[in-house]
Amino acid sequence: MAARSSFLQRRAAPDHVADLLIRELRASGKLMTKANSEAPGPAVVLLSGGLDSMVSAALARERGHAIHALTIDYGQRHIRELQSAKAIAEKLGVERHVELPLDLRKFGGSALTADIDVPKTGVDEDAIPVTYVPARNLVFLALTTAFAESSGSRDIFIGVNALDYSGYPDCRPEFISSFAETARLGTKQGVEGDPFTIHAPLQYMTKADIARECDRLGLDPAWSWSCYDPTPEGRACGECDSCRLRQKGFEEAGVIDTTVYS
């Protein structure tokens, strides 16, 4: 796992020093942008129900945004995360929570949306794993942008991470910055000079960093759900790549993960 993490860090953060500086400035609140130099308006958060989306939503709330949350029921194998999204929305006191059905099982092509086994012995660090859902974040961010424009928001939060992650191409910073430009060009709000800001506050954090943020923000890890392949008893499997990354992060952070594993 250590070799894999090193590979992913090299691939995702070519200018490591600059990335670390940006992380420190963001964490301290010293990185001034148009979005945080004015009184914050509502923010739309893509809330999957996972740990990263929960922490991202809590960070948006900490910055003073009223939260409009979008959860997408795409027919995922781990439908348990939809229950977690509802619980998180309630715990964080979101202003509006929309659960949108979009059955990607009709496309398949992923272990999360088709009858394909979820890997339980690790994944090839040089390949995109079978748990990748084709263009998922591209589709989801487009829907989140539509929700933001109809909600009068210019701030969008997504909990993607490009360090301790499974190698999905739609979690990389290049994708996020590219999508922000696409949203500027393809929306009424963008062409009229009030473009969206895509916030990815966890982009350069390790899973240990995210676990620490979860603890600092006073969040119960068990509110969230990460497992791709829950047991029939409804417990996290503890063996899929998502469980492995989560457990490793909490262990390295020295923070207790209250999730029940099989």
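Each reported figure results from applying straightforward, stated rules to the coordinates on display, with no laboratory input. It should be emphasised that the depicted structure is a prediction, and the values quoted were computed from it without experimental measurement. For neighbour counting, all protein chains shown are included, and Cβ atoms are generated from backbone atoms with ideal geometry for every residue, glycine included.
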### Query
What residue among 236, 57, 135 shows peak mean-square fluctuation when the chain is described by a Gaussian network model with Cα springs under 10 Å?
135
### Message
Counting only pairs 8 or more residues apart or on different chains, how many lysine pairs in the chain have their Cα atoms under 20 Å apart?
### Response
4
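Can you tell me which of 196-207, 160-171 comes out highest on packing, and rank the rest after it, using the mean Cβ neighbours within 10 Å?
196-207, 160-171
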### D_trans [Stokes-Einstein, Kirkwood Rh over alpha-carbon pairs] for segment 109-262, 25 °C, 0.890 mPa s, µm² s⁻¹
144
### Query
Which cross-chain or sequence-distant (5 or more) residues have an amide H under 5 Å from the amide H of residue 99, H modelled 1.01 Å from N in plane?
71
### Of 195, 101, 173, the one that fluctuates the most in a GNM where the chain has Cα springs shorter than 10 Å
101
### Query
Within a Cβ distance under 15 Å of residue 109, other residues only, what is the Lys/Arg minus Asp/Glu net charge?
0
### Task
Using amide H atoms built 1.01 Å from N in the peptide plane, name the residues 5+ places from residue 49, or on other chains, whose amide H lies under 5 Å from its own.
54
### Choice from 233, 62, 90 with maximal GNM fluctuation in the chain (Cα, 10 Å cutoff)
233
### Task
Convert each backbone phi in segment 126-139 into a coupling constant with the Karplus relation 6.51 cos²θ - 1.76 cosθ + 1.60 (shift: θ = phi - 60°), then list the ³J(HN,Hα) values in order as whole Hz, x for Gly and Pro.
9, 10, 6, x, 5, 7, 5, 9, x, 6, 4, 5, 4, 5
## Note on the structure
In whole percent, the Cα-Cα distances of the chain spread across 5 Å bins from 0 upward as 1, 6, 13, 18, 21, 19, 13, 7, 2, 0, 0
## Note on the structure
For segment 229-236, Karplus-derived ³J(HN,Hα) couplings (6.51, -1.76, 1.60; θ = phi - 60°; whole Hz; x for glycine and proline) come out as 9, x, 6, x, 7, x, 9, 5
### Summary
Fewest to most Cβ atoms within 10 Å: 217, 141, 47 sort as 217, 141, 47
